[in-house]
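The values are calculated or read from the model by the stated rules, or taken from the named source; none is laboratory data. These numbers come from a predicted model, not from an experiment. Counting neighbours? That spans all protein chains shown, and the Cβs are built from the backbone with ideal geometry, glycine included.
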């Protein structure tokens, strides 16, 4: 799927009556179970739609690796850090670049983590910055993910969002902050601050 096609799909999501096939979460899971969709298919299930994932360039991969390593070094024993793996929300199964999940991997051998198992998600944004600030932020806020970070490669900073809420059907984060290279970001799990990461260490 080309960038232009991806942009048209994103636009169609806001147009009533557009010829887009919406799926339920159960239908999406059946497509995976029957082999219609495989791990090689570059899609995420977002708000009932199959949305194309942008291919990762070397810079994106490097920053995701730096972020995963930084979080893995400070995560307590009862949490683990994963990368580009899905978790299940109401009508989405996003695959953030990095996520911090409660428990250990073995307990999810038969099912994906649920939104309430996830304390922090991170998206590395270059070409996807607009999507990460809108669609992804809305999905994570609606799923009540406590903290959402965007590693903004365009402006060389890290944006972090906290205190998700849903009001009159609209989901968003009440708190937004942005840190440049000289700042630090608090890592909070279950409401407890466990570390502060220098932004400089998370950027290439």
- From the option list 174, 195, single residue qualifying as loosely packed, with under 13 Cβ neighbours inside 10 Å and part of a strand (DSSP E or B) is 174
- Item | Matching residues, the stretch 135-150, being in a strand (DSSP E or B) and within 11 Å of residue 96 (Cβ to Cβ) | 148, 149, 150
- Can you pull out the residues in the stretch 112-128 that are surrounded by fewer than 17 Cβ atoms within 10 Å (Cβ to Cβ) and touching a strand residue (DSSP E or B) at 6+ places or on another chain (Cβ under 8 Å)? 112, 114
- Just name the residue that is nearest to the chain's Cα centre (by Cα) out of those in the stretch 54-85 that are buried (at least 17 other Cβ atoms within 10 Å of the Cβ) and in a loop (DSSP other than H, G, I, E, B). 83
- Note on the structure: Scanning the stretch 132-161 for residues that are exposed (fewer than 15 other Cβ atoms within 10 Å of the Cβ) and within 22 Å of residue 66 (Cα to Cα) gives 154, 155, 156
- Query: What tally of residues in the stretch 23-52 results from selecting those that are exposed (fewer than 15 other Cβ atoms within 10 Å of the Cβ) and either part of a loop (DSSP other than H, G, I, E, B) or in contact (Cβ under 8 Å) with a residue 24 or more places away in the chain (or both)?
  - Reply: 9
- Item | Test: residue 106 is closer than 15 Å to residue 46 by Cα and not assigned by TED's automatic domain parsing to the domain that holds residue 47 | no
- Query: How many residues does the stretch 60-86 hold that are in contact with a helix residue (DSSP H, G or I) (Cβ under 8 Å, 6 or more places away or on another chain) and over 18 Å from residue 128 (Cα atoms)?
  - Reply: 5
- Item | Single condition residue 67 does not satisfy, out of (1) touching a residue at least 12 places away in the same chain (Cβ under 8 Å); (2) out of contact with any strand residue (DSSP E or B) (no Cβ under 9 Å at 6 or more places or on another chain) | (2)
